[in-house]
Amino acid sequence: MPYFLLNNQKINIENYNDDFLLLKRDQNDNLRDEYSLTKIGQVIYKSDITFIDEVIATDTEICLKLNNSFKEKDIQKLANLNYKSELNKISQNSKTFLMPVCFEEKDDWNTVEKQTNKTKKEIIESIVNLNFDLAMFGFLPGFVYLNGLPPKLYCARKSNPSKYVKPNSLAIGGPYLGIYSIPSPGGWNVIGKCAFSLNNIPYLPPNILNIGDIIRFESVSSEKLYSIQNNISSITAYNGKN
Amino acid sequence: MGKIKIDKPGMYSSIQDFGRIGYAYYAIPPSGVMDKGSAFLANKILGNPDNCPVLEMTIIPPQLTFLTDAVICLTGSNMNFKINNIICNNYQAIKVNKGDILNGNPSSGSHRSYLAVNGMFKTLKHYGSASTYSNAKLGGLSGTKLKQEDILEWNDTLSKNLTFEFTKEKHQIQAIQINKGPEFDWLPQESKVNLIESFFTIQTDSNRMGARLKGPNLEIQNKHINRSLPVLPGFIQLPPSGSPIVILQDGQTTGGYPRIAYIRQDELSKFNQIPISKPFQFALDLEF
């Protein structure tokens, strides 16, 4: 199997019939690794390589959808990118936001409590005391994948995805906390409702957070959530960043 | 300028072109026509550029009133289209007069038809495409499927050359060719055989995001994947329920279920024309 070395670590390349490539490591990344696959994917995306139509970067794999101009020898071009220099260019100016969340609905709490063997109160207490950062773009435009969930709160996705999840739902899926941005089906376990949308559609990136930005959560009652939504227009206004 | 009024919107009628390329990194799906070949022919016959937006009609066609003269072309599923109650042929340029009414019947075979006009529909354009992606209100007339009383407009630029000839390929639903996906080998032998030898149907709760399939329950080792994995249109995911889901043009870019197989882009148009509840099979050339 072809591979290249980056920071002394092997990046394996699987070629699926010249339709797409999958770049993987032998072991899962640390989600906050300096050379994480999401960051490597960001460099490949920004390099605008002609034989690649799409780049999808997750912390487990990078998928490169190929076009007809791809030749097997082109794989070498991936090895030749100057990752170190490009990663240094990526802005480190992260912003921090506070997001009010109402955890009062029933949602998928039964499943989450059962899987984590923790009470709702314990789980909320953990979440509001942690920093989460945007891990990657993925799923649907505006969806927010957040790093920072402690392993004891990891929760498997649903066996059969829900056909409809409301926008601004806060949910747990595997090792991530996530915020649904637009109406969609979804397989994550919903635990709360955020006060504000993070959508930035139709601009790029399509959500207000960028990779590396930090978000913290505060637990509010349904009345308080309603009051915040009625009086404050956006998360940037709520955080005094307008 | 050409104009059409939507009298009845049909089941799901929307403006689509060849979709958004290069935005999956930001989780923006490609959207675009579900049957690329039929959309391409509709434009080709009228002498339009290949990627001109077209009206995609699903299962139940809309009723349209032409507010101006026009030249149109209908392709894809045969929905027994009529102009002023007179049957009109698919796959040819048709002259339409101001005041004419176009309607049709629900499709009985393949289920997506395309209408191109002599020019470029005026649409919203987001992320480089006019394709409607209603979940995020992108493209199309107002980011959504067409509604009653909507008016579609276009700058008419009739090509002088309408002599394009072609042989119409009848949409026959044969087996859908698939390739092994990254997690294909997680399937036990019995599930591999079931995937290839059994019949599946597309369920009624399918849409432009994904097609939920019904067939034999497919077992898999490692039902749960902790991390999110990349997916593209055509990928076949297997949730723990055992019923596969095919990611389609408006589908997500990452998912948490094993990707047991994928349908190539050129084969996906054929898959997208399979009628709801009509049994079909997958085919895999390689031994497993």
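Each value in this text was obtained by applying a stated rule to the coordinates, not by laboratory testing. Bear in mind that the values here come from a model prediction, so they are computed numbers and not experimental data. Here Cβ is always computed from backbone atoms with ideal geometry, including for glycine, and neighbour counts include all displayed protein chains.
Between the residues A:TYR3, A:LEU66, A:SER169, the greatest Cα displacement towards the positive end of the dipole of chain A, with unit charges on the Cβ of Lys, Arg, Asp and Glu, is found for A:SER169.
Loop-located trypsin sites (Lys or Arg not before Pro) in segment A:56-120 (DSSP state other than H, G, I, E, B) with a sparse environment of at most 13 neighbouring Cβ atoms within 10 Å: A:LYS71, A:LYS106.
Which net charge results when you count Lys and Arg as +1 and Asp and Glu as -1 among the other residues whose beta-carbon is under 10 Å from that of A:VAL112? With Lys, Arg at +1 and Asp, Glu at -1, the neighbours total 0. Name the GluC sites (Glu not before Pro) in segment B:207-288 that are in a loop by DSSP and that have at most 14 other C-beta atoms within 10 Å, would you? Hits after loop and neighbour filter: B:GLU287. The Cα atoms of the protein assembly as shown define a convex hull whose projected area, averaged across directions, is 25.9 nm². If the label point is 7 Å along Cα→Cβ of A:ASN15, which residues in segment A:50-79 have backbone nitrogen under 15 Å from it? Only A:51-52, A:64-79 pass the distance filter.
Rg over Rh of segment B:176-283, using C-alpha atoms and the Kirkwood radius, what does it come to? That ratio is 0.92, to two decimals. A straight Cα-to-Cα reach below 17 Å connects A:LYS158 with the lysines A:LYS106, A:LYS114, A:LYS166, B:LYS223, residues fewer than 8 places away in its own chain not being considered. Of interest is the spacing of the C-alpha centroids, which for segment A:131-190 and segment A:191-215 amounts to 13 Å. For chain B, the longest principal axis of the alpha carbon atoms and the long axis of helix B:36-46 meet at an angle near 20°. At full extension, A:ASN210 and A:GLN76 could sit 45.3 nm farther apart than now, given 0.36 nm per residue minus the alpha carbon distance.
Taking the fewest neighbouring Cβ atoms within 10 Å as the starting point, the ordered list for A:TYR180, B:TYR25 is B:TYR25, A:TYR180. For segment A:22-178, the Kirkwood estimate of the hydrodynamic radius, built from every pair of different alpha carbons, is 18.0 Å. Classified by the C-alpha gyration tensor, segment A:96-238 has a rounded form. Its axis ratio a/c, with a ≥ b ≥ c, is below 1.5. Pairs to check: A:LYS24/B:LYS270; B:LYS95/B:LYS122; B:LYS180/B:LYS278; B:LYS5/B:LYS36; A:LYS46/B:LYS192. Give those whose C-alpha atoms are more than 28 Å from each other in this structure. Distance filter (> 28 Å) returns A:LYS24/B:LYS270; A:LYS46/B:LYS192.
Each Cα pair under 8 Å and six or more residues apart adds its separation to the average, and for segment B:176-283 the resulting relative contact order is 39 percent. When every Cα-Cα distance of chain B is counted in 5 angstrom steps from zero, the calculated P(r) takes the values 1, 6, 12, 16, 17, 15, 12, 9, 6, 4, 2, 1, 0 percent. For segment A:60-146, chymotrypsin sites (Phe, Trp or Tyr not before Pro) are listed when DSSP marks them as loop and at most 15 other Cβ atoms sit within 10 Å of their Cβ; the list is empty.
Could you tell me which of rounded, prolate or oblate describes segment B:9-74, using a ≥ b ≥ c as the square roots of the eigenvalues of the alpha-carbon gyration tensor, with rounded for a/c under 1.5 and, failing that, prolate when a/b is larger than b/c and oblate otherwise? The shape class here is oblate.
Modelled this way, with points 7 Å down the Cα-to-C-beta line, the labels at B:LYS8 and B:GLU190 are 4.8 nm from one another. Global size of segment B:2-156: 14.3, 48 Å for Rg and Dmax (C-alpha atoms, Rg to one decimal, Dmax whole).
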